[in-house]
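Step one of this worksheet: look at the structure below.
The values are calculated or read from the model by the stated rules, or taken from the named source; none is laboratory data. Predicted model, so just to flag it, every value in this text is computed and none were measured. As a convention, Cβ positions derive from the backbone with ideal geometry for all residues, glycine included, and neighbour counts pool all protein chains shown. Surface areas here come from the heavy atoms of the whole protein model, side chains and all, with no ligands, DNA or RNA. Shrake-Rupley method; radii C 1.70, N 1.55, O 1.52, S 1.80 Å.
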Amino acid sequence: MCAKFLGDPTKVVSGSCDRTLKIWDLRSKACTETKFAGSSCNDLVTYDGAGTTIISGHFDKKVRFWDFRAEEKVRDIELHGKITSLDLSKDCRYLLCCCRDDTLRKIDLRTNLVVSTFCAEGFKVQCDFTRAVFVVDDDYVAVGSIDGNIYVWDCNTEQVEAVLKDMHR
(Lines give C-alpha, C1' and ligand atoms only; values in the text may rest on other atoms or scores of the structure.)
Protein backbone atom coordinates (compact mmCIF):
# COMPACT_ATOMS: atom_id res chain seq x y z
CA MET A 1 0.00 0.00 0.00
CA CYS A 2 2.89 2.41 0.74
CA ALA A 3 6.66 2.68 1.00
CA LYS A 4 9.15 5.33 2.11
CA PHE A 5 12.93 5.60 2.31
CA LEU A 6 14.37 5.37 5.82
CA GLY A 7 17.01 8.09 6.16
CA ASP A 8 19.47 5.77 4.38
CA PRO A 9 18.90 5.42 0.59
CA THR A 10 19.49 1.67 0.87
CA LYS A 11 16.59 1.04 3.30
CA VAL A 12 12.85 1.23 2.69
CA VAL A 13 9.88 0.67 4.99
CA SER A 14 6.62 -0.62 3.52
CA GLY A 15 3.08 -0.90 4.85
CA SER A 16 0.75 -3.58 3.57
CA CYS A 17 -2.79 -4.92 3.47
CA ASP A 18 -1.46 -8.01 5.25
CA ARG A 19 -1.22 -5.87 8.43
CA THR A 20 2.58 -5.73 8.47
CA LEU A 21 5.30 -3.13 8.26
CA LYS A 22 8.54 -4.35 6.71
CA ILE A 23 12.06 -2.97 6.50
CA TRP A 24 13.78 -3.77 3.20
CA ASP A 25 17.51 -3.67 2.45
CA LEU A 26 17.90 -2.63 -1.19
CA ARG A 27 21.48 -3.95 -1.37
CA SER A 28 20.52 -7.51 -0.46
CA LYS A 29 17.00 -7.14 -1.96
CA ALA A 30 15.54 -8.74 1.15
CA CYS A 31 13.24 -7.98 4.04
CA THR A 32 15.31 -7.54 7.19
CA GLU A 33 12.53 -6.98 9.73
CA THR A 34 8.75 -7.40 10.01
CA LYS A 35 6.40 -5.79 12.52
CA PHE A 36 2.83 -7.01 12.88
CA ALA A 37 0.71 -3.82 12.95
CA GLY A 38 -2.66 -5.48 13.60
CA SER A 39 -4.45 -3.59 10.82
CA SER A 40 -3.99 -2.83 7.14
CA CYS A 41 -1.58 0.10 6.68
CA ASN A 42 -2.69 2.73 4.13
CA ASP A 43 0.21 5.16 4.51
CA LEU A 44 3.32 5.89 6.58
CA VAL A 45 5.94 8.56 7.16
CA THR A 46 9.42 8.45 8.62
CA TYR A 47 9.90 10.87 11.47
CA ASP A 48 13.64 11.17 11.94
CA GLY A 49 16.71 11.19 9.72
CA ALA A 50 18.04 8.01 11.32
CA GLY A 51 15.09 6.00 10.05
CA THR A 52 14.21 4.49 13.41
CA THR A 53 10.90 6.28 14.03
CA ILE A 54 7.98 5.46 11.75
CA ILE A 55 4.38 6.67 11.93
CA SER A 56 1.75 4.53 10.20
CA GLY A 57 -1.94 5.15 9.43
CA HIS A 58 -4.38 2.23 9.50
CA PHE A 59 -7.75 0.84 8.46
CA ASP A 60 -8.73 0.45 12.15
CA LYS A 61 -8.68 4.28 12.59
CA LYS A 62 -5.37 4.30 14.46
CA VAL A 63 -2.14 6.18 13.90
CA ARG A 64 0.70 4.04 15.24
CA PHE A 65 4.13 5.25 16.32
CA TRP A 66 7.05 2.82 15.98
CA ASP A 67 10.64 2.84 17.10
CA PHE A 68 12.19 0.02 15.10
CA ARG A 69 14.82 -0.48 17.78
CA ALA A 70 12.01 -1.63 20.13
CA GLU A 71 9.98 -4.85 19.92
CA GLU A 72 6.52 -3.24 19.88
CA LYS A 73 4.90 0.02 18.84
CA VAL A 74 5.58 2.99 21.11
CA ARG A 75 2.02 4.38 21.18
CA ASP A 76 -1.08 4.95 19.08
CA ILE A 77 -3.76 7.58 18.61
CA GLU A 78 -7.30 6.63 17.59
CA LEU A 79 -9.17 8.96 15.24
CA HIS A 80 -12.79 8.89 14.02
CA GLY A 81 -12.29 7.32 10.60
CA LYS A 82 -10.02 4.97 8.70
CA ILE A 83 -6.72 6.69 7.94
CA THR A 84 -6.10 7.12 4.20
CA SER A 85 -2.92 9.23 4.27
CA LEU A 86 -0.30 10.90 6.43
CA ASP A 87 1.94 13.89 5.80
CA LEU A 88 4.53 15.56 8.04
CA SER A 89 4.99 19.31 8.25
CA LYS A 90 8.42 20.51 7.14
CA ASP A 91 9.50 21.12 10.74
CA CYS A 92 8.19 17.65 11.76
CA ARG A 93 6.04 19.20 14.50
CA TYR A 94 2.69 18.29 12.94
CA LEU A 95 1.17 15.22 11.35
CA LEU A 96 -1.70 15.60 8.86
CA CYS A 97 -4.12 12.66 8.73
CA CYS A 98 -6.79 12.20 6.06
CA CYS A 99 -9.70 10.16 7.43
CA ARG A 100 -12.66 8.33 5.91
CA ASP A 101 -14.99 10.35 8.20
CA ASP A 102 -14.50 13.20 5.66
CA THR A 103 -12.05 15.16 7.79
CA LEU A 104 -8.39 16.04 7.89
CA ARG A 105 -6.85 16.09 11.37
CA LYS A 106 -3.64 17.90 12.32
CA ILE A 107 -1.85 16.30 15.28
CA ASP A 108 0.79 18.13 17.31
CA LEU A 109 3.55 15.53 17.68
CA ARG A 110 4.87 17.16 20.85
CA THR A 111 1.59 16.58 22.72
CA ASN A 112 0.01 13.81 20.57
CA LEU A 113 -3.22 15.81 20.47
CA VAL A 114 -5.42 16.78 17.53
CA VAL A 115 -5.02 20.55 17.27
CA SER A 116 -7.03 21.20 14.08
CA THR A 117 -9.87 19.53 12.20
CA PHE A 118 -10.57 20.44 8.59
CA CYS A 119 -13.96 19.69 7.01
CA ALA A 120 -16.29 21.43 4.59
CA GLU A 121 -19.71 21.24 2.99
CA GLY A 122 -19.33 19.03 -0.08
CA PHE A 123 -15.95 17.58 0.88
CA LYS A 124 -15.96 13.78 0.90
CA VAL A 125 -13.03 11.37 1.11
CA GLN A 126 -13.54 9.13 -1.89
CA CYS A 127 -11.45 6.06 -1.11
CA ASP A 128 -8.65 4.56 0.97
CA PHE A 129 -6.13 6.05 -1.50
CA THR A 130 -7.10 9.71 -0.93
CA ARG A 131 -3.95 11.71 -0.11
CA ALA A 132 -3.78 15.01 1.78
CA VAL A 133 -0.69 17.23 2.00
CA PHE A 134 0.73 20.30 3.70
CA VAL A 135 1.42 23.08 1.16
CA VAL A 136 3.06 26.53 1.02
CA ASP A 137 5.36 26.29 4.04
CA ASP A 138 2.74 24.30 5.97
CA ASP A 139 0.35 27.27 6.04
CA TYR A 140 -2.28 25.30 4.10
CA VAL A 141 -3.49 21.74 3.64
CA ALA A 142 -4.97 20.36 0.42
CA VAL A 143 -6.81 17.22 -0.65
CA GLY A 144 -8.96 15.94 -3.50
CA SER A 145 -12.65 15.14 -2.99
CA ILE A 146 -15.15 12.72 -4.52
CA ASP A 147 -16.79 15.70 -6.30
CA GLY A 148 -13.63 16.13 -8.42
CA ASN A 149 -12.56 19.31 -6.64
CA ILE A 150 -9.47 20.07 -4.58
CA TYR A 151 -10.15 21.62 -1.19
CA VAL A 152 -7.56 23.93 0.39
CA TRP A 153 -7.77 25.00 4.05
CA ASP A 154 -5.87 27.72 5.90
CA CYS A 155 -4.08 26.01 8.82
CA ASN A 156 -4.41 29.06 11.08
CA THR A 157 -8.16 29.61 10.70
CA GLU A 158 -9.25 26.05 9.79
CA GLN A 159 -11.44 27.70 7.11
CA VAL A 160 -11.64 26.69 3.44
CA GLU A 161 -9.31 29.01 1.55
CA ALA A 162 -10.22 27.74 -1.92
CA VAL A 163 -12.09 25.03 -3.78
CA LEU A 164 -10.35 24.28 -7.06
CA LYS A 165 -12.99 23.06 -9.47
CA ASP A 166 -12.56 20.68 -12.40
CA MET A 167 -13.75 22.83 -15.31
CA HIS A 168 -13.79 19.83 -17.70
CA ARG A 169 -16.54 17.91 -15.90
* Asked: Quick one: net charge of Lys124's neighbours, Cβ under 12 Å, K/R +1, D/E -1?
  -> -3
* **Rounded percent of accessible protein surface that carbon and sulfur make up, the range 2-119, 1.4 Å probe** => 51
* Structure fact -> Placing one equal point scatterer on each C-alpha of the chain and summing with Debye, one gets log10 I(q)/I(0) at q = 0.10, 0.11, 0.16 Å⁻¹ equal to -0.37, -0.45, -0.90
* Asked: Which ³J(HN,Hα) values in Hz, rounded to whole numbers, follow from the phi angles of the range 3-15 under the Karplus curve 6.51 cos²θ - 1.76 cosθ + 1.60, where θ = phi - 60° and Gly and Pro get x?
  -> 7, 9, 5, 10, x, 9, x, 9, 10, 10, 10, 10, x
* Semi-axis lengths (Å, descending) of the ellipsoid that matches the C-alpha gyration tensor of the range 96-169 -> 21, 14, 10
* Structure fact -> Here the range 155-165 yields Karplus 3J(HN,Hα) values (6.51, -1.76, 1.60; θ = phi - 60°; whole Hz; Gly and Pro given as x) of 5, 7, 9, 6, 9, 5, 8, 7, 10, 8, 9
* Structure fact -> Taking r as the C-beta separation of Arg93 and Asp60 and R0 as 25 Å, the FRET efficiency to the nearest 0.05 is 0.45
* Structure fact -> Most fluctuating of Glu33, Glu78, Glu158 in the GNM of the chain (C-alpha, under 10 Å) is Glu33
* **Computed label-point distance, nm, for sites Leu26 and Val133 using a 7 Å Cα→Cβ extension** => 2.0
* Asked: How many nm is it between the label spots at Asp67 and Asp108, if each spot is 7 Å from the Cα in line with the beta carbon?
  -> 2.2
* Structure fact -> Averaged per residue, the 1.4 Å probe accessible area of the range 2-119, protein heavy atoms only, in Å², is roughly 46
